[in-house]
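One structure is given below, encoded as structure tokens.
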Amino acid sequence: MKQTIEKLSRGIVEYEAPKMEVSVSTIEISVEADTTFDGEFDIVSSNDGELKGIVYSTDERLVIINENFMGMRANIKFRIFTAYVEDGQTIEGSINIVSNAGEIYIPY
């Protein structure tokens, strides 16, 4: 305990950074034109560190419902809008997660 106090008094802070895992590595979904699709995935801390961050999409047709997260586990919900998309057309981009445990990109 004395060593910890001495380190803190010298401005030395030691802690283990949280590690983040995501339940999906890519998203591939077939959706008909002029419909919406609701999906979700999980973000979890693999070392019991508290995560906090933001999630965003690179394409406006895939909307993240709950953009901010905090805690050991987060369930991220998204919605795909296919208005003005023709049958056979693909939507490509990525879901980007920026957090205190680093960044993860999920292509779709």
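A short reminder: the numbers here are calculations on the coordinates, not readings from a lab. These figures come from a predicted structure and were not determined experimentally. Here the Cβ positions follow ideal geometry from the backbone for every residue, glycine too, while neighbour counts run over all protein chains shown.
Things to note:
- Residue ID - farthest from PHE41 (Cα to Cα), chosen from residues in segment 53-107 that are touching a Gly at 6+ places or on another chain (Cβ under 8 Å) and surrounded by 16 or more Cβ atoms within 10 Å (Cβ to Cβ): ALA101
- First in segment 76-96 and farther than 23 Å from ASN66 by Cβ, second anywhere and among the basic types (Lys, Arg) and surrounded by 10 or more Cβ atoms within 10 Å (Cβ to Cβ), Cβ under 9 Å, 6 or more apart: TYR84/ARG61; VAL85/ARG61
- Test: residue in segment 25-46 that is in contact (Cβ under 8 Å) with a residue 12 or more places away in the chain, surrounded by fewer than 12 Cβ atoms within 10 Å (Cβ to Cβ), aliphatic (A, V, I, L, M) and part of a loop (DSSP other than H, G, I, E, B): yes
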